[in-house]
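Reviewing the structure listed below.
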Amino acid sequence: MTVKDAKIIDLPKFLDARGNLSFAENFKQIPFEIKRTYWLYDVPGGECRGGHAYRENEEFIIALSGSFDVVLDDGQERQVFSLNRSYYGLYVPKGLWREMENFSTNAFALEFGSTLYNINDYIYDYEEFQNLKRDGKI
Ligand code: TYD
């Protein structure tokens, strides 16, 4: 997988004077079956989250409120995706290094994962990630 396999996916948007509504479903807007959801909130200014890669887990990330940047890296190339609306999300394939930074005040990041939480799926060392990528092991 490379950063070119990541993509912004627009979500349905029902604009309504009573308030707007968007949604996402398995295998439709989200290109995998959701096994897990988690969220980031109350992130202090200047903090960076998620400096790691997943061997298997795929993700879909939405900025439900506020804004933040998702930095993706495939060992060759880096790309920054700025998320700041609740009606689109970022699909992150497995095997990419990813960091999240520049959180605004009140940023709320909702994340869907394709696997249950498994510490063994994480690669926390960037050099190890680069080696695995170079050797085609992830
Ligand atoms: P981590 O994935 O390291 O956070 P981030 O990548 O956003 O910086 O997770 C932080 C802690 O939360 C870690 O100790 C394990 C726990 N955790 C779970 O128990 N289940 C989960 O689904 C996630 C994402 C984290």
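The values are calculated or read from the model by the stated rules, or taken from the named source; none is laboratory data. Given the structure is predicted, the values throughout are model-derived calculations rather than measurements. Using ideal geometry, Cβ is built from the backbone for each residue, glycine included, and neighbour counts are taken over all protein chains shown. With ligands, DNA and RNA removed, areas are computed over all heavy atoms of the protein, side chains included. Shrake-Rupley method; radii C 1.70, N 1.55, O 1.52, S 1.80 Å.
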Are any residues in segment 1-27 open to solvent by less than 70 Å² (accessible area, probe 1.4 Å) and either hydrophobic (A, V, I, L, M, F, W, C) or touching a helix residue (DSSP H, G or I) at 6+ places or on another chain (Cβ under 7 Å) (or both), and if so, which ones? Val3, Ala6, Ile9, Leu11, Ala24
Could you give every pair whose Cβ atoms fall below 7 Å, whose first residue belongs to segment 37-52 and is closer than 10 Å to Ala107 by Cα, and whose second residue is within 7 Å of the ligand (Cβ to nearest atom), counting only separations of at least 6 or pairs across chains? Leu40/Arg49; Val43/Arg49
Being within 11 Å of the chain's Cα centre (by Cα) and among the acidic types (Asp, Glu) is the filter here, so list the residues in segment 37-59 that pass it. Glu58, Glu59
Name the strands (runs of 3 or more DSSP E) wholly within segment 7-114 that hold at least 1 residues that are under 30 Å from Arg134 (Cβ atoms) and of a type in the set (A, V, I, L, M, F, W, C)? 7-10, 49-54, 59-65, 68-73, 78-83, 88-92, 97-101, 108-113
Glu99 vs. criteria within 14 Å of the ligand (Cβ to nearest atom) and charged (D, E, K, R): yes
Return the residues of segment 28-66 that are modelled with pLDDT of 95 or more and open to solvent by 80 Å² or more (accessible area, probe 1.4 Å); say none if nothing qualifies. Lys28, Glu33, Lys35, Trp39, Tyr41, Asp42, Glu47, Arg49, Arg55, Glu56
Filter segment 115-134 for residues that are within 12 Å of the ligand (Cβ to nearest atom) and more than 20 Å from Gln76 (Cα to Cα) and give the result. Thr115, Leu116, Tyr117, Asn118, Ile119, Asp121
